[in-house]
Amino acid sequence: MLGAGQKTCCDECGRVRKEKKITRFYRPYEIEVNREDCLLDQGLVCMGPATRDGCGGLCMKANMPCRGCYGPPPNAPDQGAKMISALSSVIDAHEPAEIDRILNTIADPIGTFYRFSLAHSLLRRVDKHETH
């Protein structure tokens, strides 16, 4: 991809990461978005941790979360799985029911995590010789 780098969009983002713990996820219209702090720390599903750099962080500069259009970073075979891993590090819960409650605040997780990469994801890989 033209301009694609070897790191993640988070490496291009000028926002400050404070390692906050999330108890709910929001859509951008549901909260007043702070222009200085990490969007993920604010509870927005920002695909920056799971997206290859090279765009200059244009979405984040426009005060919107990264959509993931540059695909997964190198050494991450599945963009959605990489994003799930990133989210697991910010969710503030230990009990399965509480984790489920927080994750259920993400609107359309598959459409969000795999918007540009579902065709190449681990979810779509099926052994053609497998029979049921």
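Worth pointing out:
- Taking amide hydrogens as placed 1.01 Å from N in the peptide plane, the amide H of THR8 sits under 5 Å from those of ASP53, each at least 5 positions away in sequence or on another chain.
- Rounded FRET efficiency, nearest 0.05, which uses the C-beta distance separating ASN75 from LEU123 and R0 of 25 Å: 0.85
- Mean separation of Cα contacts under 8 Å, 6 or more apart, over the residue count of the chain: relative contact order %: 27 percent
- Positive-end extreme of charge dipole, the chain - chosen from ASN75, LEU39, PRO96 (charges on Cβ): ASN75
- The share of alpha-carbon pairs in region 1-67 lying farther apart than 15 Å comes to 47%.
- Amide H partners (placed H, <5 Å) of LEU44, local residues excluded: TYR26
- Inverse of mean 1/r across different Cα pairs in the chain, Kirkwood, Å: 15.4 Å
- Scanning residues 5 or more positions from ILE22 or on other chains, those with amide H under 5 Å from its amide H are ILE91, ASP92, with H placed 1.01 Å from N in the peptide plane.
- All aspartates and glutamates inside 16 Å of LYS18 as judged from Cα atoms, apart from same-chain residues fewer than 8 positions distant: GLU36, ASP37, ASP41, ASP92
- Converting phi to 3J(HN,Hα) with the Karplus coefficients 6.51, -1.76 and 1.60 and the offset θ = phi - 60°, region 26-43 yields 10, 8, x, 6, 8, 9, 8, 7, 6, 7, 9, 8, 3, 5, 5, 4, 8, x Hz in sequence order, with x at every glycine or proline.
- Sorted largest first, the principal axis extents computed over the alpha-carbon atoms of region 33-103 equal 38, 32, 13 Å.
- Structural descriptor for region 59-118: relative contact order 43 percent, calculated from alpha carbon pairs under 8 angstrom and at least 6 residues apart.
- The candidates PHE25, PHE116, arranged from most to least accessible area with a 1.4 Å probe in the full protein assembly, appear as PHE116, PHE25.
- ³J(HN,Hα) computed for each position of region 88-93 - Karplus, 6.51 cos²θ - 1.76 cosθ + 1.60, integer Hz, glycine/proline x: 5, 7, 10, 6, 9, 7
- Most mobile listed residue (TYR114, TYR26, TYR70) in the chain, GNM with C-alpha springs under 10 Å: TYR26
The values are calculated or read from the model by the stated rules, or taken from the named source; none is laboratory data. Given the structure is predicted, the values throughout are model-derived calculations rather than measurements. Here the Cβ is made from the backbone with ideal geometry for all residues, glycine too, and neighbour counts use every protein chain on show. Note: accessible area is taken over every heavy atom of the protein model, side chains too, but ligands, DNA and RNA are not part of it. Shrake-Rupley method; radii C 1.70, N 1.55, O 1.52, S 1.80 Å.
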